[in-house]
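Working notes, structure below.
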Amino acid sequence: MRTILLCLLALVVLAAAAPRMTHAADGPWARVYSRPAPLIYDIEMADDNVGLAQTAAGILRTADGGLSWTEPYPIAAFTYGDLAFAGAKRAWTVAGSGVIRRTDDAGLTWRLQQSGTDVHLHRIAVITAQEAWITGAGGGFDDIPRAVSPSSVLLHTTDGGATWRNEPPAGYGQFFNVAFVGRTGWLVASPCAEGQPFDACDPDHRMLLRTDDGGRHWQMLSETPGVVPERMQWLDANHGFATSFVLTEPESGSGILPLYRTDDGGGHWTRIAAAPDTVNEIHFHSARDGWISANFCTEFECSSAVAHTTDGGVTWTPARNPDGDGEIFAATSRSLLVGLNSPDPLATGIARLDLASLQWSAAATAARQPLRSITFASRDRGYALANSRLLVTDDGGATWSLRDAPPFDSIDAPGGDVVWGATICCSEGPAIHRSIDGAKTWQDRPTPFGQPLAIQAFDAERAIASSSYDGLWRTDDGGATWRQIDRTAYGYGPLTFIDDQHGWTLACAPYVCIDSFRVTSDGGATWETRPVPHGATITSFLTPDVGWATRSDCPGTGIACSTAVISTRDGGRTWSEIGSVPTTLYGLTFAGPSRGWATGYGPAGEILILATADGGRTWTTEGPADGMFTTDFATTDGRIWLLTVVGIQGGSDRSTIYRRDFAPESAPPLAKPRVRLPNTGSRPGSSASSAWPLVVLCACTGLFSLAATAVTRRKRAKLPA
């Protein structure tokens with residue numbers, strides 16, 4: 001008995017000392033990362049230090065002349081518009097759907113103003129802090145009902161924007177550009193015939209108008225044939241510069257944008273012949289000293305660059321930026337600020353040219369390349385693919401740092417410091433790369449196949465890659481050698497291995513995937529084709545037997561659709577519809593047999609985060625998410641991440657990562673399963689691993705003690721009294 005008590009006491013002590021795997025309880029979704037990677041629409045400076053940049057994903061602000069930028073006012077989606085200061089503190093910005101915003105603290109905070117219209121607002125011209133004019137034409141966003149308003153407006157305020165009135169001059173009905181110097185102003189508009197409907201004017205027939213009384217009366221100018229300013233800058237009431245479209249190819253409708261100057265307030269214009277044929281932006285400090293953003297062309301190609309003149313445009317000196325082409329810019333007495341709208345800026349959309357040294361630098365803005373996908377090796381270590389960069393986080397996605405890496409098309413992080421990446425092209429050629437130090441250094445893994453589409457890794461030695469033309473390939477020695485495990489010639493849809501033996505992929509022919517998928521249970525040595533319900537898309541497999549698919553009743557139309565949730569419990573041999581959601585689901589993922597998440601569209605077109613706790617039968621809304629598209633889910637160790645992007649015209653102007661902790665189910669969560677190394681117990685020398693011999697010894701000793709006690713009692717029972 002004493003031995004049993006001692007063993008029980010030892011077990012209690014060992015249990016208290018043994019390490020435990022803990023997971024956070026269910027928590028709410030939190031936005032842990034949100035950064036713009038936008039197109040730069042406009043940059044305006046209030047003085048040499050303070051300035052604002054209007055972008056497709058919000059407004060950026062600088063207080064040091066463009067050396068660094070912050071993001072005081074993020075906006076989910078910002079269409080093209082204009083920005084103007086009215087003094088050191090007040091500024092307006094205008095955009096699509098009649099949106100007007102005003103700041104009175106140089107961009108730190110903004111508030112909406114009522115425009116009374118939903119047309120796209122293009123240009124704003126400021127006379128004083130109380131008076132301004134805005135031109136607008138065209139409709140708003142498709143998902144915003146159109147108000148009863150004309151197709152073009154000329155808005156005017158005299159009370160700082162508290163009220164805006166549409167004040168078009170008689171005989172004109174389409175308004176495109178406006179500028180003021182004091183009470184003198186210029187307006188580009190299309191004339192309308194007497195009695196013609198307001199919104200039926202010809203937008204291709206444009207005239208230049210002028211006012212000398214703040215807009216009360218307008219008179220027609222443009223005595224120089226064909227010169228109607230697209231961009232214009234005025235130094236005073238008489239001297240100005242402008243670009244004007246000249247049609248050169250009638251069949252295609254393309255042309256050039258030459259640069260002109262006027263010395264009589266716009267009555268006559270003279271082309272500056274030494275300037276490039278197409279000038280995009282202009283900024284002159286004086287009649288002789290100015291900068292332009294223009295297209296400089298050779299026999300084979302054209303590229304955009306800035307150029308400087310000190311003689312009124314007789315000669316020009318280009319100042320090319322080695323980091324990319326730039327178009328939109330602002331100039332101060334110390335610097336030139338250029339919007340880099342090339343597809344691959346390193347970490348910013350703005351570059352700065354120091355006018356004293358003529359040296360370019362990439363301003364340290366909050367902007368970053370858009371994220372395309374995310375993968376997490378643990379609760380804290382994760383990796384994200386940008387357009388051509390790899391980013392790494394060690395705090396669960398809150399902050400990211402750039403790492404030197406090949407331009408990957410796909411990556412996978414099976415755990416620890418191991419990362420694999422696949423590169424389809426271009427200058428380096430198709431290749432597989434591996435890192436075993438957390439993406440600090442990379443090893444090129446030669447492959448006998450071309451164009452690796454995707455990589456899925458299990459550890460530092462084992463990985464499977466898919467190729468556009470050569471099927472599936474497997475390595476078991478860290479990429480030193482590869483063997484083909486499937487000869488299907490054409491690319492795949494999702495390639496998912498639950499472990500290094502069990503995997504599935506869609507059955508595809510050239511340019512089409514049919515209603516079936518292929519499974520393997522021996523690491524790809526053999527494959528079996530199984531059916532998928534007609535019109536359904538497989539989204540995930542949790543185990544070799546348990547998986548899900550979805551089917552939309554009106555694919556591609558989005559908000560008004562409903563989605564059926566379909567499940568299999570026998571590896572896809574049979575499928576059954578288990579639930580339905582009144583929206584189109586995207587990015588469905590499961591972290592256990594019951595718990596799963598997806599995203600769908602809300603009634604106003606917003607992204608909703610949906611959750612199920614019964615395997616997909618019923619769904620609840622856990623909250624909205626910023627963005628227009630869902631690109632990726634990642635799940636590991638009781639934590640899930642969601643990546644969304646928002647973009648204008650198909651772009652990716654803002655990347656947002658949401659994170660949520662959850663309590664795992666009793667069954668091991670396998671939303672993104674990994675093969676563990678054979679030594680799956682505790683580390684040698686740990687208290688858990690060293691405890692097992694003593695546990696076994698105590699158990700055996702206890703059993704022996706019990707048996708001995710029973711024998712003794714039996715013998716005593718046989719003794720005479």
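Throughout, read-outs are computed from the coordinates displayed, never taken from laboratory work. Keep in mind that this is a model prediction, so the values were computed, not measured. Cβ sites come from the backbone with ideal geometry, for glycine too, and all protein chains shown count toward neighbours.
Treat the count of other C-beta atoms within 10 Å as a stand-in for reagent exposure and order 654, 573, 352 from fewest to most. Write down the numbers at each step before the final one.
Numbers: 654 31, 573 12, 352 24.
Ascending number of Cβ neighbours within 10 Å: 573, 352, 654.
Length gain on complete extension for the stretch residue 212 to residue 285, per 0.36 nm per residue less the alpha carbon to alpha carbon distance?
Numbers: separation 73, 0.36 × 73 = 26.28 nm, distance 2.31 nm.
Computed gain between residue 212 and residue 285 is 24.0 nm.
If r is the Cβ-Cβ distance from residue 477 to residue 302 and R0 is 30 Å, what FRET efficiency results, to the nearest 0.05? Walk me through the numbers before you get to the answer.
On the way: r = 49 Å, r/R0 = 1.64.
Efficiency, from the Cβ-Cβ distance: 0.05.
Please list, in order along segment 242-248, the HN-Hα scalar couplings obtained from phi with the Karplus expression 6.51 cos²θ - 1.76 cosθ + 1.60 (θ = phi - 60°), rounded to whole Hz, x for Gly and Pro.
Rounded to whole hertz, the list is 7, 10, 9, 6, 10, 6, 10.
Tell me which residues come under 5 Å, amide H to amide H, from residue 327 once H is placed; ignore anything under 5 positions away on its chain.
339, 341
Given labels modelled 7 Å from the Cα in the Cβ direction, how far is it in nm from residue 359 to residue 534?
6.9
Which order do the peptides 476-486, 445-455 come out in when sorted by mean C-beta neighbours inside 10 angstrom, highest first?
Values: 476-486: 16.1, 445-455: 18.4.
My ranking of the peptides, most packed first, is 445-455, 476-486.
What FRET efficiency do you get for residue 578 and residue 484 if R0 is 41 Å and r is their Cβ-Cβ distance, rounded to the nearest 0.05? Don't skip to the answer; put the middle values down first.
Working: r = 37 Å, r/R0 = 0.91.
Taking R0 as 41 Å, the efficiency between residue 578 and residue 484 is 0.65.
If amide hydrogens are placed 1.01 Å from N in the peptide plane, which non-local residues have theirs closer than 5 Å to the one on residue 69?
364, 365, 366
Taking the alpha-carbon centroid of each part, what is the distance from segment 521-537 to segment 380-454 in angstrom?
28
Which of 192, 297 has the fewest other C-beta atoms within 10 Å, and how do the rest follow up to the most?
Lowest count first: 297, 192.
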